[in-house]
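See below for the structure under consideration.
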Amino acid sequence: MNFSKNLKRLMLVSSLVICALAYNVQQPKVVYPEEVQVKTVQSAQSQLTFRRLDVPMDSVLQEWTYDLCWRHKIDFTLIMAMIKQESNFRPDAISSTNDYGLMQINIINHHWLREKFGITDFCDPYANIVAGVFMVKELFKKYPEPGKMLMAYHMGEEGAAKFWKRGIFESHYSKSVLAQKKAYEKEIRGEHQ
């Protein structure tokens with residue numbers, strides 16, 4: 001790994017620490033592939049074990065995503081379903097509307113995410129997932145219902161609000177993501193689809 005990548009990762013981790021202190025939350029340990037060691041995490045309820053999904057994303061990145069989601073109290077299967085819907089697991093995906101990476105972070109969000117986390121490459125899968133999970137976490141604070149949160153993520157809050165004013169609280173996108181989430185939950189439980 002070259003110096004530039006190490007420096008970018010150090011900046012990303014430092015930004016996460018600063019952000020956590022600012023939000024007075026427990027800082028998640030951002031773990032990069034070469035550092036992944038722990039396969040289980042302890043919760044107050046039970047011991048949760050990482051199970052790899054059969055998707056075109058390597059196990060190391062999946063486990064890192066699982067750990068990040070667990071630490072931010074965001075459902076891993078929801079994030080994986082969003083990645084499936086947004087980019088079909090292509091970290092280099094760039095849409096015609098300037099959405100970047102696995103979670104298709106729109107260019108309108110790049111400046112503030114760059115300021116907050118030091119992200120310079122929105123196609124870097126680790127940086128992209130950090131940004132996406134943070135955005136999902138913040139949207140859930142405003143819109144605790146998953147369908148509304150997904151609409152706000154996909155359309156932007158103003159775009160989604162226009163539909164909500166008309167009494168529409170789900171979209172093709174939100175329904176697709178939630179259906180995929182259920183499929184991933186079944187896969188993790190070992191149930192056949």
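Taking a 1.4 Å probe, which of 90, 71 shows the most accessible area, and what order do the others take after it? Don't skip to the end; give the middle numbers.
On the way: 90 125, 71 80 Å².
Of 90, 71, the descending order of accessible area is 90, 71.
If you average the alpha carbon positions of region 149-193 and of region 96-142, how far apart do those two centres end up, in angstrom?
Cα centroid of region 149-193 versus Cα centroid of region 96-142: 18 Å apart.
What order do 107, 119 take when sorted by accessible area (1.4 Å probe), most exposed first? If you can, show how the numbers build up before the last one.
Working: 107 85, 119 5 Å².
I get 107, 119, largest accessible area first.
Compute log10 of I(q)/I(0) for region 55-193 with the Debye formula, placing one identical point scatterer on every Cα and leaving out solvent, at q = 0.10, 0.16, 0.17, 0.20 Å⁻¹, to two decimals.
So the normalised log intensities work out to -0.31, -0.82, -0.94, -1.30.
Tell me the Kirkwood hydrodynamic radius of region 75-156 in angstroms, computed as one over the mean inverse distance between distinct C-alpha pairs.
On the way: mean 1/r = 0.0797 Å⁻¹.
Computed over Cα pairs of region 75-156, the Kirkwood hydrodynamic radius comes out at 12.5 Å.
Less than 15 Å apart at the alpha-carbon level, and either on another chain or at least 8 residues along: which aspartates and glutamates does that give for residue 142?
Of all the aspartates and glutamates, those that pass the test against residue 142 - Cα under 15 Å, at least 8 places apart if same chain - are 157, 158.
Starting from 0.36 nm per residue, how many nanometres of slack lie between residue 115 and residue 176 once their C-alpha separation is accounted for? Display every interim value, and only then the final one.
Values: separation 61, 0.36 × 61 = 21.96 nm, distance 3.19 nm.
Between residue 115 and residue 176, full extension yields an extra 18.8 nm.
Taking 22 Å as R0, compute the FRET efficiency from the Cβ-Cβ separation of residue 169 and residue 137 and round it to 0.05.
It comes out at approximately 0.60.
Mind checking which aspartates and glutamates have their Cα closer than 20 Å to the Cα of residue 73? Skip sequence neighbours fewer than 8 apart in that chain.
Once the sequence-local aspartates and glutamates are set aside, what remains near residue 73 is 63, 138, 145, 185.
Net charge near residue 102: determine it from the other residues with C-beta under 11 Å of the C-beta of residue 102, scoring Lys and Arg +1 and Asp and Glu -1.
Details: positive: 84, 90; negative: 86, 92, 99, 124.
So the surrounding residues net to -2.
The values are calculated or read from the model by the stated rules, or taken from the named source; none is laboratory data. As the structure is a prediction and not an experimental result, all values here were calculated from the model. Using ideal geometry, Cβ is built from the backbone for each residue, glycine included, and neighbour counts are taken over all protein chains shown. Quick note on the areas: whole protein, heavy atoms, side chains included, nothing else; ligands and nucleic acids left out. Shrake-Rupley method; radii C 1.70, N 1.55, O 1.52, S 1.80 Å.
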